[in-house]
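*Asks:* Take a look at the following structure, please.
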Amino acid sequence: MSKIRIGSRGSDLALWQANHVRKQLESLGHEVEIIVIKTQGDKIQHLSFDKLEGKGFFTKEIEEALLNNTVDLAVHSHKDLETTPPEHLAIACVSERENPSDLLLIRKESVDASQKWSLKANAIVGTSSARRKSQVLHHRPDSEIRDLRGNVPTRIDKLREGNYDAILLAKAGVDRLQIDLSAFEVVVLDPTEFVPAPAQGVLGLQIREEDERMRSIMSQLNHADVAERIAIERGVLNKLDGGCQLPLGVYCDESQTIHVAYGSENGVIYLHHHKSELNDPVSDLVAELSQHA
């Protein structure tokens, strides 16, 4: 049985994710090696996502390694993947879904229980996500948004240093790394109100399309129920031709209610529909967004 080579970014979170998959594969009897690959998003740390050109900032180089047969499997944060996969590559498996919520981490000095989210008035909030920026300013228009880049521990260190009053992070990543947050006020934002990125909290496991061996192996790890829900989320993103720069949140919860937040010139548009109310969930949601935008 030949070794399975996993391609991964080198951040703490990416390596946690790669090792999570490695352990699952080893439990099935496979030998596994992790190969670290540096991506454009890792190399360029001084620009916010909306100023980076193109798409696939955290995936392109790993996908090239797959196509070149340098690796057999790529482990991605599914939300980082382009909605139209590169030719000859396929998502063979999606993981279980961790809590999809965003976290607001607030310095103790910046807590005000009388304000929404217990965040003081006129706070400086760190994020480089267009989606998060638009929703923060919708709920707390008094806030000042400043760009924040770096891996999860680096972002938290910048908060500790006092560069921001609060920062936003995906709860799934913080939970996976088991980071001590006792120094901060931690607010778990309701994903039906502060809507997460499509497929947030889910891993996408990518292979070469013609690799039947890997397809068979990955079918043993796939979570079909999660795949069904995130297909709707990512379908809306795809129809809007979006990526990291698009101020869009889409979340299909376990009850099949679809929550959408879309930042437009008219402010943030919020939609909440049960899947059964829609003939074609993706097309119907995009059509309704276009009417309000």
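All of the numbers you see were taken from the coordinates with simple rules; none came from a lab. Source: prediction; values computed, not measured. Here the Cβ positions follow ideal geometry from the backbone for every residue, glycine too, while neighbour counts run over all protein chains shown.
*Asks:* Which of the residues spanning segment 197-239 are of a type in the set (Asp, Glu) and either within 19 Å of VAL282 (Cβ to Cβ) or part of a loop (DSSP other than H, G, I, E, B) (or both)?
*Replies:* Once the filter is applied, which keeps residues that are of a type in the set (Asp, Glu) and either within 19 Å of VAL282 (Cβ to Cβ) or part of a loop (DSSP other than H, G, I, E, B) (or both), segment 197-239 yields GLU209, GLU210, ASP211, ASP225, GLU228, GLU233.
*Asks:* Here's a check for you: in segment 88-133, which residue that is of a type in the set (Asp, Glu) and in contact (Cβ under 8 Å) with a residue 60 or more places away in the chain is farthest from VAL21 (Cα to Cα)?
*Replies:* ASP102
*Asks:* Give segment 148-196 a look and list any residue that's assigned to a strand (DSSP E or B) and not aromatic (Phe, Trp, Tyr), or say none.
*Replies:* Scanning segment 148-196 gives ALA166, ILE167, LEU168, LEU169, ALA170, GLU185, VAL186, VAL187, VAL188.
*Asks:* Okay, moving on. Of all residues in segment 223-252, count the ones that are farther than 22 Å from GLU87 by Cβ and either out of contact with any strand residue (DSSP E or B) (no Cβ under 9 Å at 6 or more places or on another chain) or among the polar types (S, T, N, Q) (or both).
*Replies:* Total satisfying the criteria: 2.
*Asks:* If I ask for residues that are within 16 Å of SER8 (Cβ to Cβ) and hydroxyl-bearing (Ser, Thr, Tyr), which ones from segment 76-105 would you list?
*Replies:* Correct list: SER77, SER95.
*Asks:* For a quick check of your reading of the model, give me the residue pairs whose first member lies in segment 140-161 and is surrounded by 13 or more Cβ atoms within 10 Å (Cβ to Cβ), whose second is of a type in the set (Asp, Glu), with beta-carbon atoms closer than 7 Å and at least 6 apart or on different chains.
*Replies:* Note: pairs meeting the criteria are ASN151/ASP12; VAL152/ASP12; PRO153/ASP12.
*Asks:* To continue, here is another question. Checking the conditions here, which among LEU203, LEU181, LEU237 is touching a Ser or Thr at 6+ places or on another chain (Cβ under 9 Å), hydrophobic (A, V, I, L, M, F, W, C) and closer than 23 Å to ASP12 by Cα?
*Replies:* Of the residues listed, the single one that is touching a Ser or Thr at 6+ places or on another chain (Cβ under 9 Å), hydrophobic (A, V, I, L, M, F, W, C) and closer than 23 Å to ASP12 by Cα is LEU203.
Rundown of residues vs (1) hydrophobic (A, V, I, L, M, F, W, C); (2) outside any helix (DSSP H, G or I), yes/no style:
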site: THR70; (1), (2): no, yes
site: GLU87; (1), (2): no, yes
site: LEU103; (1), (2): yes, yes
site: GLU109; (1), (2): no, no
site: ARG131; (1), (2): no, no
site: GLN135; (1), (2): no, no
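*Asks:* Go through segment 249-285 and give me each residue that's outside any strand (DSSP E or B) and surrounded by 19 or more Cβ atoms within 10 Å (Cβ to Cβ).
*Replies:* Matches in segment 249-285: PRO281, VAL282, LEU285.
*Asks:* Another question, then. Looking only at segment 116-139, count how many residues are farther than 19 Å from VAL186 by Cβ, surrounded by 15 or more Cβ atoms within 10 Å (Cβ to Cβ) and not hydrophobic (A, V, I, L, M, F, W, C).
*Replies:* Matching residues across segment 116-139 total 5.
*Asks:* Could you tell me which of the residues ALA172, ALA121 is touching a Gly at 6+ places or on another chain (Cβ under 7 Å) and hydrophobic (A, V, I, L, M, F, W, C)?
*Replies:* Among ALA172, ALA121, only ALA172 is touching a Gly at 6+ places or on another chain (Cβ under 7 Å) and hydrophobic (A, V, I, L, M, F, W, C).
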